[in-house]
Amino acid sequence: MTYREHARAVAVLGLPLIGGHVAQFAISMTDTIMLGWYGAEELAAVTLASSYFFVFFMLGAGFAFAVMPLVAAAAGAREERQIRRSTRMGLWLSLAYGVIALPALWYSEPILLMLGQKPGVALDASVYLRLAGWGLFPALLVMVLKSYLAALERTQVVLWVTVLAAVINAVVNYALIFGNFGAPEMGIKGAALASILTQSISLVAVLIYALRALAQHELLRNFHRPDWEMLREVFRLGLPIGLTNLSEISLFTASAMMMGWLGTATLAAHGIAITLSGLTFMVHLGLSNAATIRAGNAFGRNDRTHLESGAKVVIALSLIMAVLTIVLFLAAPGPLISLFLAPDDPDKPQILIIGAALLAAAALFQLMDGMQVVALGLLRGVQDTGVPMVIAALSYWAVGIPASYLFGFTFGWGGAGVWYGLALGLSCAGFFLLMRFWRRSVRKLTPAAS
């Protein structure tokens, strides 16, 4: 394939995945926007709660992400039975993880207080998490089924199910947060209930499609029977992926905690900036998923030439998107931040000033943030997850978090300094993960397909 053909293939596969990720992110972004309209304190609380929730969600999502390269490789090798086995055990491990993680979400208030958060914000965040925590089960199961469908290049259905969920979430949020359409005004509790309902509807929709459109895989037949060999394989790949996710998400969670030390307005501004950065990150994540699927197919066929040229194309597309995002963040911070605030919010002027500085800092790490997630996608496609986990952990925890504290508090740069530390950690991860892919993973395959 030529580079143009690779770009076309990545676009056909990746655009629905990007749209699906953007729609999925819109669910949490809707919570942030509407609670920002409801009040600055509620915005600060949901920022903290969302960061806390995503630590546990992304750790458990490692098993879902492991399903994607396993199914892609099995499809490339035409092994139908392996597709069914890996998907089932991904569902098993996700359910088991949800049971283990739920208590940490239920008893979040003392943990947040121990981490130095203000009592009022910690209480509101725990109210959200006690309800939203039950949504962890359908959310993780949806992730597994989406990975299964995406690896089989059924990305259109992943997109439309997620878009439907985002629309439902927005309507229910509007009703339950503010008390519209005859519903009670529930504030932050309403946002949590809307998230649970949305995830549950998504699970039903995607499961019905999988069972009907791909009936030959018989995903739920004898579902109660364990497959210990495949469970170990999904666990072997999924745990390092989950820990890698945890390393990155905990970097941003730690930054949210540090922002909480700087005050409610700073935390609210951080919530807006991290939401906008997260939205653009969904594009890179969609490209990363496409890279995993196409690298997994090449890996299943032992086709090094296809892997190398496809990797160059997806990296170039990520770079183009990063440049466009940098221009947007630097050119229009005010209008972007104002989307999240009520016009008469007394804290709006202060949040606008802080948020503009944070978006300028966010522009710094757009390039390397895209590079590190695309590199992870390529490495997962060739089922290389152990060493990348170590690289990520060292980059985020040994570099990113200490640098955020150093710049933000020791040097006195405040919220912008915390974000400069994030940029440094992400840059380290992006550089060393790309080095790992090109210097080792690619060379394990033969130069061309037979």
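The values are calculated or read from the model by the stated rules, or taken from the named source; none is laboratory data. Quick caveat, the model's predicted, so the values are computed rather than measured. Reconstructed Cβ throughout: ideal geometry from the backbone, glycine too, with neighbour counts over all protein chains shown. Just so you know, the surface numbers come from the protein's heavy atoms only, side chains and all, with ligands and any DNA or RNA stripped out. Shrake-Rupley method; radii C 1.70, N 1.55, O 1.52, S 1.80 Å.
Remarks
- Exactly one residue out of L317, L379 is open to solvent by 20 Å² or more (accessible area, probe 1.4 Å), over 17 Å from L424 (Cα atoms) and out of contact with any strand residue (DSSP E or B) (no Cβ under 7 Å at 6 or more places or on another chain): that is L317.
- Given (1) touching a helix residue (DSSP H, G or I) at 6+ places or on another chain (Cβ under 6 Å); (2) open to solvent by 20 Å² or more (accessible area, probe 1.4 Å); (3) among the aliphatic types (A, V, I, L, M), number of the condition L328 does not satisfy: (1)
- One residue from A45, A72 being over 27 Å from N169 (Cα atoms), open to solvent by less than 10 Å² (accessible area, probe 1.4 Å), assigned to a helix (DSSP H, G or I) and at pLDDT 80 or above: A72
- Meets criteria (among the aromatic types (F, W, Y), in a helix (DSSP H, G or I) and surrounded by 22 or more Cβ atoms within 10 Å (Cβ to Cβ)) for F56: yes
- Matching residues, the range 197-229, being under 21 Å from I33 (Cα atoms) and open to solvent by less than 40 Å² (accessible area, probe 1.4 Å): T198, Q199
- Residues in the range 406-428 that are without any contact (Cβ under 8 Å) to a residue 60 or more places away in the chain and closer than 21 Å to A393 by Cβ: L406, F407, Y420, L424, C428.
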